[in-house]
1. Given that compact globular proteins tend to follow 2.2 N^0.38 Å, what is the ratio of the alpha-carbon Rg of the stretch 226-338 to that value?
2. Give me the net charge for the shell around Val333: Cβ to Cβ below 15 angstrom, other residues only, Lys and Arg +1, Asp and Glu -1.
3. Among Glu14, Glu149, rank each residue by its count of other Cβ atoms within 10 Å, from fewest to most, as a rough exposure measure.
4. Which part of the stretch 313-351 falls in the paramagnetic zone of His179, meaning amide N under 18 Å from the point 7 Å along Cα-to-beta-carbon?
5. Pop a pseudo-label 7 angstrom from the Cα along the beta-carbon direction at both Arg22 and Val113 and give the gap in nm to one decimal.
6. Taking R0 as 41 Å, what's the FRET efficiency between His99 and Val334 from their Cβ-Cβ distance, rounded to 0.05?
7. Using 0.36 nm per residue of separation minus the Cα-Cα distance, give me the extension gain between Lys41 and Val134 in nm, one decimal.
8. Please compute the Kirkwood hydrodynamic radius over the stretch 37-105, one decimal place, Å, based on all pairs of different Cα atoms.
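Here, each number is a calculation from the coordinates, and none is a lab measurement. None of these values were measured; they are calculated from a predicted model. Heads up, the Cβs are rebuilt from the backbone with ideal geometry, glycines too, and the neighbour counts pull from every protein chain shown.
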Amino acid sequence: MSQLFYCMTMPGLETLAFSEIREHLPDAEQVKFARGIAVFKTAHSPAALLELRTVEDVFASAVHIPHMRRDPDGLRVLHSATMHTDLTPAITSWRRAHHGRQPRTWRVVSQMVGSYDFRRNDAGLSLANALKRVLPRGMRQVDDDADMEIWLWLGNNDVLIGVRLSDATMRHRSYKREHLPASLRPTVAAAMNWLARPTAQDVVLDPLCGAGTILVERGLMAPFDRLIGGDIRDEAVAMARRNARSADVGVSWRVWDAQELPLEPASVTRIITNLPFGKQLGSHQSNIDLYSALIKEFERVLTPDGLLVALTSEDRLWSTLLQKHGWRLLKKVVLVVLGQPASIFVAERADQVVETASR
């Protein structure tokens with residue numbers, strides 16, 4: 001039988017995350033989207049959900065309360081709904097996702113988006129009081145490091161209560177042992193690779209590789225021909241090399257200036273990169289010159305049928321340059337990165353459009 005699950009994503013990646021879910025779980029049925037959340041049904045094993053790469057966390061849904069009251073009476077509704085819900089399916093999913101383990105301890109994690117006439121901690125306490133009465137005997141509540149976490153999410157008058165199936169490695173990845181300022185979240189890197197339509201023939205370039213997250217995620221996502229990465233900073237390339245080695249992903253790393261890439265024309269099929277935002281690194285003024293130089297190099301080294309996937313907060317600047325240089329924008333995904341709006345641009349070369357039109 002199908003069971004209700006939901007995943008948490010970086011805000012803006014909900015529909016993309018569900019596309020990955022459908023790819024891995026063809027029977028998945030979309031139920032609803034909220035900001036940073038995708039709710040769906042599937043009959044697949046919960047363990048399969050832990051293989052997803054574009055999501056931050058996965059939950060077996062236990063309670064859903066639509067149109068939650070914002071006044072203090074909402075706490076009573078929350079308590080009552082939990083008391084009258086059978087938690088067995090969600091707990092069984094946790095056990096199946098954890099190789100049959102029996103949870104001995106539990107804790108509540110509460111999140112709240114929006115304004116309510118009660119505090120987030122009050123909602124968490126109301127849920128915990130109900131759980132003490134309905135969870136199996138022998139399970140003990142703890143403050144931290146629990147076997148099983150039960151998360152409460154309140155947002156836009158909607159309430160989801162779920163048993164967390166994933167752990168911290170789903171969002172942070174065990175391979176990523178070293179970080180740089182403004183380092184890209186692995187789930188966003190995975191989303192960019194997903195948008196690049198991976199094929200086994202891909203020669204993938206990240207000319208501004210930073211800690212190497214984009215190329216490592218590409219190597220872990222699907223087969224490829226070759227991965228190439230570089231950065232102007234020696235320490236970044238050294239860090240990227242160590243992270244890739246930790247993930248057991250083979251990448252050709254170089255120290256270079258991305259404005260003058262030591263690569264042959266039309267030698268890569270995918271360029272996937274995180275452009276400087278001009279906040280922690282550089283400035284808007286420096287980005288004007290940098291972006292202009294980069295787009296010329298990207299056009300030179302990308303094959304006519306290649307794809308360019310770029311993340312930036314310089315939305316207007318990058319859009320203008322793509323249009324000026326005759327690139328065709330295939331897709332744009334708006335999301336929030338490091339607390340600020342950003343966009344993932346998926347584009348192809350103008351000569352590819354001409355060639356396609358002539359057929």
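1. After normalising by residue count via 2.2 N^0.38 Å, the value is 1.10.
2. Charge balance in the 15 Å sphere: +2.
3. Arranged by neighbour count, lowest to highest, Glu14, Glu149 become Glu149, Glu14.
4. 336-340
5. Each label point lies 7 Å from its Cα, and together they span 2.1 nm.
6. Values: r = 39 Å, r/R0 = 0.94.
The computed FRET efficiency comes out at 0.60.
7. 31.1 nm
8. One decimal place: 14.2 Å for the Kirkwood radius.
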